[in-house]
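Data first, discussion second: the structure below is written as structure tokens.
The values are calculated or read from the model by the stated rules, or taken from the named source; none is laboratory data. Remember, predicted model here, so these are calculated numbers, not experimental data. Don't worry about glycine lacking a Cβ; one is built from the backbone with ideal geometry, like all the others, and counts go over all protein chains shown.
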Amino acid sequence: MIERDDELFEAELRKLTPAPPPPELMARLAAALPQPATLSPQPPWWLLLRWLAPVAAGAALVAALLFWWSTAPDRQPHVKPVTASLKTAPKADEIEIDRQLVALFDAVAQLPNGQPVRFRCREWADEVVLRDPARGIVIERRTPRLEVVPIRFETY
């Protein structure tokens, strides 16, 4: 019986129209709203520059990290190259492909207008191992990879 009363009450409420708010309240609310700042007209190339600046900063960051990664002394391979020439190509019976997450971090940059931009960076180590057990040959290749993804900067 209570559910029926609630349904009747809600039906009556739907039929009602709300009263307009008092003009004093509307005036106070309008005064409390922040006034939009008058922006000077910007040339069309400025909009393009606003988008290209973070992309260029990210590309420069990726290029610098890749250059640093390839020239770091502890990253150089310590395996001597095979000097003997093979008469036939090795037959890879066992192939392993591995991908390891080495590091995950966020980077924050600032645009020329002061707006912050956030990037999620992931360092990966991709590894491929080929084995030819008949000849006893093992070929290993480990390659670093960096992913840089721009993400929205949350403000609270």
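Below is a table of values for the structure above.
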| quantity | calculated |
| --- | --- |
| Single unsatisfied condition, residue 111 versus (1) within 30 Å of residue 141 (Cα to Cα); (2) at pLDDT below 80 | (1) |
| Residues of the range 21-60 classified as more than 30 Å from residue 110 (Cβ to Cβ) and either assigned to a helix (DSSP H, G or I) or under 47 Å from the mean Cα position of the chain (by Cα) (or both), total | 11 |
| Whichever residue in the range 101-125 is of a type in the set (Gly, Ala, Ser) and within 30 Å of residue 42 (Cα to Cα) and, among such residues, is surrounded by the most Cβ atoms within 10 Å (Cβ to Cβ) | 109 |
| Single residue of the range 126-156 satisfying the filter (over 25 Å from residue 91 (Cα atoms) and at pLDDT 85 or above) that is surrounded by the fewest Cβ atoms within 10 Å (Cβ to Cβ) | 149 |
| Counted residues, the range 110-156 - those being within 15 Å of the chain's Cα centre (by Cα), assigned to a loop (DSSP other than H, G, I, E, B) and either touching a residue at least 12 places away in the same chain (Cβ under 8 Å) or within 13 Å of residue 100 (Cα to Cα) (or both) | 2 |
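Conditions tested, residue by residue: (1) under 23 Å from residue 113 (Cβ atoms); (2) modelled with pLDDT of 75 or more.
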{"residue": "1", "(1), (2)": "no, no"}
{"residue": "5", "(1), (2)": "no, yes"}
{"residue": "18", "(1), (2)": "no, yes"}
{"residue": "25", "(1), (2)": "no, yes"}
{"residue": "41", "(1), (2)": "yes, no"}
{"residue": "53", "(1), (2)": "yes, yes"}
{"residue": "65", "(1), (2)": "no, yes"}
{"residue": "77", "(1), (2)": "no, no"}
